[in-house]
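The values are calculated or read from the model by the stated rules, or taken from the named source; none is laboratory data. In this text, all values refer to a predicted model and were calculated from it rather than measured experimentally. Virtual Cβ from ideal backbone geometry, glycine too; neighbours counted across all protein chains shown. Remember, those area values only see protein heavy atoms, side chains included, never the ligands or the DNA or RNA. Shrake-Rupley method; radii C 1.70, N 1.55, O 1.52, S 1.80 Å.
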Amino acid sequence: MSTSVMFDQSQGVSKRRAVDNQDFMAVILVGYGENLYPFNQGTNVVSKALLPIGNVPVINSVIDWVLAAGLRDVLIIVPPSFYTSLAEHVTEHYSMATHPKARIDIKRTTEGEKDDEGDEDSELGVKGGTGREGTARLVRRFKNWIRTDFVLLPCDLSPPSSLSLTSILDKHRSSPDTVLTSVFYEPTESVKDGEEKVLVALDKDTSELLLIQPLEGMEDDLELRMALISSHPTLSLTTRLSDAHIYVLRRTVLDLLSTRRSKDLDSMREQVIPWLIKGGWQKGLGRRWAPILNPPRKDPFAAALARSTSTNPSSSPYSTLSPGSSPTSDHIPLPRSIPGSASRSGSGSQVDSLQNSMIIDPEEDVKASIKKDVVGWKCKVLVTAPQPPPVESQQPSGKGGNKQGQGKDKGLQNVYEPDYLIRANSLAGYWELNRKFIKTLSTSSGALNNLSNISQNKQIQQSLEDATGTLPAISPQSQISPDSLIGEGTRVGERASIKKCIIGRHCNIGKNAKLTGCVLWDFVTVEENARIENTIICSNGRIGEKSQIKDCEFGTGFEAKPGAILKGERLVAGQEA
């Protein structure tokens, strides 16, 4: 039985041609959400990829972003425990009927190539008994599924409308010697404290990324090599940017990872990306890694001679093929790491640095390549920040100002809101994404459309009550603000008040309950006379009658007893304040 979910309407010869014409594919990594307590604890935990933003899983924004850029091949790597739920979601929302050209392949983290023999500690689940392993090892494990250059993406990304994936890929395409293009962004104030603080060095004139250094553990003095300063005199340093974990990578980066033992690989962000950046300007690394990252391409004369019955293609002066390489290969065979390089540093030492472990064998004949002035590589950076407000929104509203729109509909005016890149990899980020969604409902068009839907729904429910004598799902006596979202199948009792809230599907809101600024997932019950403010309640939660809840986050299945008074708590099912 196949373990992948794939959608492809193409058939015959056109199918192969469509795939071959794709110069990039997307690889989406689904993690465990270590920074999302209490959402990641307890029973029936939801995958981080399926965290609802406006009742829509956050991974939808990532997949839609990829498909909008014209990419067809998508590989999603997911932990085994979340595979079934994610596969069912993708099957339902990205079927062949709705997305005929998409090829979405979902793989468990255990389905890639086996790790190196003798690396017993690299097996999944051995490290700390958690089943979590580094992203660099995962990417290496699935290298045979990645056939082209690729963009590596997190599953919890919500890009701003001003940033298209096409613009990022075009920036990478515009510089043929670019191995990596990374995206950095200015975080919004509400999530800054939860973001990793890093020092970023970049050249604004050439858009080159030159250094990523975590601020934690940094000494007071920063040392920069003269080679870096002399080659980039316009270098600038900043700590205001965060890493979006969006990496456009050349396919040969996987070849570089192949020279590394599996157990030595950990994080792409903390290990591989910084060394790629350093190798872009440090000559020593550039010379050692150039045959792998920037190999000689196959020559058209060599391809023709390879089909000759009387000529040895490797003996031709025009050939870049070695005797052991395939005429259909794009580059020369890969040099391997030095055997036993890790052991030479001493039995008690830690794992060698990425630099030492990827030194090519000195017996390999790379001097010829160096003498030919092998072109190095570069690491590019794209910085995204909110667009400045339009001129009209900056004009003061004095006595002589335009009074159009003032009056009854003052709260429904279009107000400029900065459009930030936000990730749902922390509670602060998840809160901000939902607040951002609610703000879209607060705009003139969004609020009026939502208000129309709520009113229409109430009228339908009232007519059903008149015809059948049964209570309506949404009581006409309830109060629901236009900047709130009510999910399908949700019941709202009499005199219930809901303001600036996102209510999931099949929830039950009791009589006289009051909710303000809350996010409720599916199948949540709020009993009568409860008061809830600025709180997230995960699926199957229950809030007892006359409870008073404020500034809390509750995990899946959490139940608050009747009359409970909770403030500023983060609790999972079975846990008491």
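Observations
- Breaking point among (1) surrounded by 19 or more Cβ atoms within 10 Å (Cβ to Cβ); (2) touching a Pro at 6+ places or on another chain (Cβ under 9 Å), for P187: (2)
The rows are residues; the columns are (1) within 16 Å of R251 (Cβ to Cβ); (2) among the hydroxyl-bearing types (S, T, Y); (3) touching a residue at least 40 places away in the same chain (Cβ under 8 Å).
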site	(1), (2), (3)
F150	yes, no, yes
C155	no, no, yes
L163	no, no, yes
T166	no, yes, yes
P176	yes, no, no
V183	no, no, yes
E196	no, no, yes
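- Failed criterion for T206 (all others in (1) in a loop (DSSP other than H, G, I, E, B); (2) open to solvent by 60 Å² or more (accessible area, probe 1.4 Å) hold): (2)
- Test: residue in segment 92-110 that is touching a residue at least 60 places away in the same chain (Cβ under 8 Å) and in a helix (DSSP H, G or I): no
- The single residue among V139, V151 that is hydrophobic (A, V, I, L, M, F, W, C), outside any strand (DSSP E or B) and either touching a Pro at 6+ places or on another chain (Cβ under 8 Å) or under 28 Å from S426 (Cβ atoms) (or both) turns out to be V139.
- In segment 539-549, of all residues being open to solvent by 20 Å² or more (accessible area, probe 1.4 Å) and outside any loop (DSSP other than H, G, I, E, B), the one that is nearest to N44 (Cα to Cα) corresponds to R542.
- Residue in segment 120-127 that is at positive phi, over 21 Å from the mean Cα position of the chain (by Cα) and either modelled with pLDDT under 90 or open to solvent by less than 40 Å² (accessible area, probe 1.4 Å) (or both) present: yes
- Residues of segment 172-188 that are more than 19 Å from the chain's Cα centre (by Cα) and at pLDDT 90 or above: R173, S174, T178, V179.
- Residue list for segment 477-531, restricted to those being of a type in the set (V, I, T), in a strand (DSSP E or B) and open to solvent by less than 10 Å² (accessible area, probe 1.4 Å): V492, I498, I502, I503, I509, V519, V526
- If the condition is being open to solvent by less than 10 Å² (accessible area, probe 1.4 Å) and hydroxyl-bearing (S, T, Y), then segment 259-275 contributes T259, S262.
- Any chance E196 is under 19 Å from the mean Cα position of the chain (by Cα) and either crowded, with 18+ Cβ neighbours inside 10 Å or assigned to a loop (DSSP other than H, G, I, E, B) (or both): yes
- All conditions but one from (1) crowded, with 18+ Cβ neighbours inside 10 Å; (2) modelled with pLDDT under 95; (3) over 29 Å from G557 (Cα atoms) apply to S95; the one that does not is (1).
- Check on C552, open to solvent by less than 10 Å² (accessible area, probe 1.4 Å) and farther than 30 Å from P476 by Cβ: yes
- Single unsatisfied condition, V191 versus (1) part of a loop (DSSP other than H, G, I, E, B); (2) more than 20 Å from K378 (Cα to Cα); (3) among the β-branched types (V, I, T): (1)
- Of residues in segment 282-298 being part of a loop (DSSP other than H, G, I, E, B) and open to solvent by 40 Å² or more (accessible area, probe 1.4 Å), the one modelled with the lowest pLDDT: K298
- Residue tally, condition farther than 20 Å from V248 by Cα and in contact with a Ser or Thr (Cβ under 7 Å, 6 or more places away or on another chain), over segment 206-230: 1
- Residue in segment 17-38 that is least open to solvent (accessible area, probe 1.4 Å), counting only those that are modelled with pLDDT under 50 and farther than 28 Å from T110 by Cα: A18
- In summary, G544 fulfils each of the numbered conditions (1) within 18 Å of N434 (Cβ to Cβ); (2) at pLDDT 95 or above with the single exception of condition (1).
- Restricting attention to segment 56-81, the residues that are open to solvent by less than 20 Å² (accessible area, probe 1.4 Å) and either of a type in the set (A, V, I, L, M) or more than 23 Å from N144 (Cβ to Cβ) (or both) add up to 12.
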